[in-house]
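Working notes, structure below.
Bear in mind that the values in this text are calculations on the coordinates, not laboratory data. Note that the coordinates shown come from a computational prediction; the quantities given were computed from them, not determined experimentally. Positions of Cβ are backbone-derived with ideal geometry, glycine not excepted, and every protein chain shown enters the neighbour counts.
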Amino acid sequence: MLHAFITSWMDYCNRILHGVSAIHLRPLQNALNSVTHIILCKQRLDYITADIRDLLHWPPVQQRIEYKMCVLVYKSLHQSAPIYLSELCIPVAATATRSHLCSAVQGNLVISYCRTKRYGQRCFAYSGPALWNSLPQQFVTRRYH
């Protein structure tokens, strides 16, 4: 029960935390480490990094946020996400002026322009397609419905 409660709590608003500095993610990682000690009945000073990865299959907080963002982009591309999110994930091949570019063939998405560097790059319209475009080509689906 603790496992389900913590994972849902960690995933609740993690898309908002994309792009924040590591110092702000440290309290979440500490909470995850504390729960791991409780679940696995480990002592406070025991080494748990391998246990988190191998036994619980929990990635670090930063990787978890990036994974969830990419899953949301995938769902947006395959019409499994709300329409307002699907409208933010536009394949480069779908735009008439960019369909001849190499990025259109690779399955990249159009990255929205943002005016502010600090907060604009943390919004889904920018960070979702940017993360998707950074994935290796073997993981990117080139055909969208």
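What to note about this one:
- Contact order normalised by residue count of the chain, Cα under 8 Å, 6+ apart, percent: 22
- Remark: the Cα gyration tensor places segment 64-139 in the rounded category, a/c being less than 1.5.
- Shape of segment 2-62, Cα gyration tensor, a/c cut at 1.5: prolate
- With both labels modelled 7 Å from their Cα along Cα-to-Cβ, the LEU55 to ARG26 distance reads 2.6 nm.
- Amide H contacts of LEU109 (H built 1.01 Å from N, in plane; Pro and chain starts excluded): VAL92, ASN133 sit under 5 Å, all sequence-distant by 5 or more or on other chains.
- Placing pseudo-labels 7 Å out from each Cα toward the beta carbon at TYR84 and LEU2 gives an inter-label distance of 3.7 nm.
- Whether the chain is rounded, prolate or oblate, judged on the alpha carbon gyration tensor where a/c under 1.5 counts as rounded: prolate
- Burial order of peptide ranges 109-121, 69-81, 38-50 (average beta-carbon count within 10 Å, highest first): 69-81, 109-121, 38-50
- Helix content alone sets the calculated 222 nm mean residue ellipticity of the chain: runs of n ≥ 4 DSSP H residues at -39500 (n - 2.57) each, divided across all residues, give -15000 deg cm²/dmol.
- Each residue of segment 72-78 is assigned a 3J(HN,Hα), and the resulting list reads 5, 5, 4, 5, 5, 6, 10 Hz, derived from the Karplus form 6.51 cos²θ - 1.76 cosθ + 1.60 (θ = phi - 60°), x at Gly and Pro.
- Relative contact order (%) - segment 64-139, alpha-carbon pairs under 8 angstrom, separation at least six: 29
- Each residue of segment 59-65 was assigned a 3J(HN,Hα) from its phi angle through the Karplus curve 6.51 cos²θ - 1.76 cosθ + 1.60 (θ = phi - 60°); the sequence is x, x, 4, 4, 5, 5, 5 Hz, with glycine and proline shown as x.
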